[in-house]
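K.L.:
Right, I'll just put the structure down here and ask away after.
The values are calculated or read from the model by the stated rules, or taken from the named source; none is laboratory data. All of these numbers come straight from a predicted model, not from anything done at the bench. Glycine gets a Cβ as well: all are built from the backbone with ideal geometry, and neighbour counts include every protein chain shown. Note: accessible area is taken over every heavy atom of the protein model, side chains too, but ligands, DNA and RNA are not part of it. Shrake-Rupley method; radii C 1.70, N 1.55, O 1.52, S 1.80 Å.
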Amino acid sequence: MHWDHYWHLTETLSSFGDSKSTFGYPEEVLIFWEDIVCSKKKECAYLDLATGKGVLAILLQATMTQHNLIGSVAACDLAKIKKDKIKSDITAISNAIEKVEFKFNIALEMLPYKNDSLDVLVSQFGFEYSDWNKSLPEVLRVLKTEGEIILMMHHPDSVITSDCKLGLSILNTLLNENLFEELSEIIRVKFSGKVLLHERMNKALLNKIQNIEIKTENEEFWFMDVMSNISKIMMNLNNESLAELMNLKNSIHYQIERLEDQLSVAFCKFDVIKKLDLAGIGSRNFNIKEFYVNGELFSWVVRIYR
């Protein structure tokens, strides 16, 4: 449910967008996927698993078009995303979106694709959320002989995982401090006309917020993201302010659930190998490597061969 909420609210195609890149990806990630597409010499049918709003599928399609390669790109996700939410003002991306065959409300444990029908299955921070006991047999079922599965997955020691832990700590701290309850009461007092009481409560809460310990720049980013949204509400109080405040609180709960999910699927190498082994995928048919961006650990890359 929280992923439905996330994709409904966000305007970006990627859940970890880098505003400096057209696709929201760090350069190393772009190069990795572009190299995958360009390495395929024949016509390829791709499937992006747990696609979200489709940024990887769109990148694959745009790369094929750019290099005059023949093929098709399909994409699926469990979230209930509307196709009209996937859009771009950039012509090349908009054209690629139209060519991708999207399917939503689709579980990876029950794929709606024919046996031996796809050459390359990919996923970026998506496949690991599935039930591997059921999803691995499914992806192998739809994969052609001599096909390949390429999974970029969360790593327990990556910069992404580290940032998730910081975000989770800050968001839980803000909720545990009962800020939203106190802010709601301040709004009620303000509208009751009790000026002096409002000023005292406002000052006390401001002191409380200032005493919240922020140790790092990344923690400050998470903290200020919430505070900026609170400030917008409190500086323009009206009849909708209480509802807006509760919506913001609910959004933080959804975000906490998303971060907890993300941390729960940041598997160590031993766990990944164990899951592959239980699915009958022998060590000769896969490899696992660490992937780095700007010299920092970013993810696992798991490649499975049939």
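K.L.:
Please count how many residues of the range 84-113 are in contact (Cβ under 8 Å) with a residue 24 or more places away in the chain, over 15 Å from residue 48 (Cα atoms) and open to solvent by 60 Å² or more (accessible area, probe 1.4 Å).
P.N.:
4
K.L.:
Just give me the residues in the range 21-55 being part of a loop (DSSP other than H, G, I, E, B), among the charged types (D, E, K, R) and open to solvent by 30 Å² or more (accessible area, probe 1.4 Å), in sequence order.
P.N.:
Residues satisfying the conditions are 40, 41, 42, 43.
K.L.:
Among 159, 122, which is the only one that is of a type in the set (Val, Ile, Thr), open to solvent by 30 Å² or more (accessible area, probe 1.4 Å) and either on the phi < 0 side of the Ramachandran plot or in contact with a helix residue (DSSP H, G or I) (Cβ under 9 Å, 6 or more places away or on another chain) (or both)?
P.N.:
When all the criteria are applied, what remains is 159.
K.L.:
Out of the residues in the range 234-244 meeting the condition of being under 14 Å from residue 202 (Cα atoms) and open to solvent by less than 80 Å² (accessible area, probe 1.4 Å), tell me which one is farthest from the chain's Cα centre (by Cα).
P.N.:
Taking the candidates together, the pick is 237.
K.L.:
Further, regarding this structure: Just wondering, is there one or more residues in the range 210-233 that are within 15 Å of residue 177 (Cα to Cα), outside any loop (DSSP other than H, G, I, E, B) and at pLDDT below 95?
P.N.:
For the range 210-233, residues within 15 Å of residue 177 (Cα to Cα), outside any loop (DSSP other than H, G, I, E, B) and at pLDDT below 95: present.
K.L.:
Let me ask another. Please find, among 136, 175, the residue that is buried (at least 18 other Cβ atoms within 10 Å of the Cβ) and either of a type in the set (Lys, Arg) or in contact (Cβ under 8 Å) with a residue 40 or more places away in the chain (or both). Steps first, please.
P.N.:
On the way: 175 fails: buried (at least 18 other Cβ atoms within 10 Å of the Cβ).
Checking each option against the conditions leaves just 136.
K.L.:
What are the pairs, 6+ residues apart or on separate chains, where a residue within the range 249-271 that is under 19 Å from residue 170 (Cβ atoms) has its Cβ under 9 Å from a residue that is basic (Lys, Arg)?
P.N.:
Listed pairs, sorted by first residue: 259/165; 263/165.
K.L.:
Take the range 139-153 and flag every residue that is touching a Phe, Trp or Tyr at 6+ places or on another chain (Cβ under 9 Å), outside any helix (DSSP H, G or I) and open to solvent by less than 10 Å² (accessible area, probe 1.4 Å).
P.N.:
Scanning the range 139-153 gives 147, 149, 150, 151, 152, 153.
K.L.:
Determine whether residue 269 is among the basic types (Lys, Arg), open to solvent by 30 Å² or more (accessible area, probe 1.4 Å) and over 30 Å from residue 136 (Cβ atoms).
P.N.:
Spelling it out, it is not the case that residue 269 is among the basic types (Lys, Arg), open to solvent by 30 Å² or more (accessible area, probe 1.4 Å) and over 30 Å from residue 136 (Cβ atoms).
K.L.:
Kindly evaluate residue 286 against the criterion of being within 13 Å of residue 156 (Cα to Cα), surrounded by 14 or more Cβ atoms within 10 Å (Cβ to Cβ) and out of contact with any His (no Cβ under 6 Å at 6 or more places or on another chain).
P.N.:
When the stated conditions are applied, residue 286 does not pass them.
K.L.:
Right, another one. Name the single residue that is nearest to residue 81 (Cα to Cα) among those in the range 112-136 being under 21 Å from the mean Cα position of the chain (by Cα) and assigned to a loop (DSSP other than H, G, I, E, B).
P.N.:
126
K.L.:
Now for a different question. Can you say whether residue 239 is of a type in the set (S, T, N, Q), farther than 18 Å from residue 173 by Cα and in a helix (DSSP H, G or I), as far as the supplied structure shows?
P.N.:
When the stated conditions are applied, residue 239 does not pass them.
K.L.:
If you don't mind, there's one more thing I want to ask. Could you tell me whether any residue of the range 61-78 is modelled with pLDDT of 95 or more, open to solvent by 40 Å² or more (accessible area, probe 1.4 Å), part of a strand (DSSP E or B) and closer than 17 Å to residue 47 by Cβ?
P.N.:
Within the range 61-78, one or more residues are modelled with pLDDT of 95 or more, open to solvent by 40 Å² or more (accessible area, probe 1.4 Å), part of a strand (DSSP E or B) and closer than 17 Å to residue 47 by Cβ.
K.L.:
Restricting attention to the range 265-301, report how many residues are touching a helix residue (DSSP H, G or I) at 6+ places or on another chain (Cβ under 8 Å), of a type in the set (A, V, I, L, M, F, W, C) and more than 19 Å from residue 121 (Cα to Cα).
P.N.:
Going through the range 265-301 one residue at a time, the tally reaches 7.
K.L.:
Go over the candidates 123, 130, 88 one by one and state the one that is farther than 25 Å from residue 273 by Cβ and among the hydroxyl-bearing types (Ser, Thr, Tyr).
P.N.:
On the way: 123 fails: farther than 25 Å from residue 273 by Cβ; 130 fails: farther than 25 Å from residue 273 by Cβ.
The conditions single out 88.
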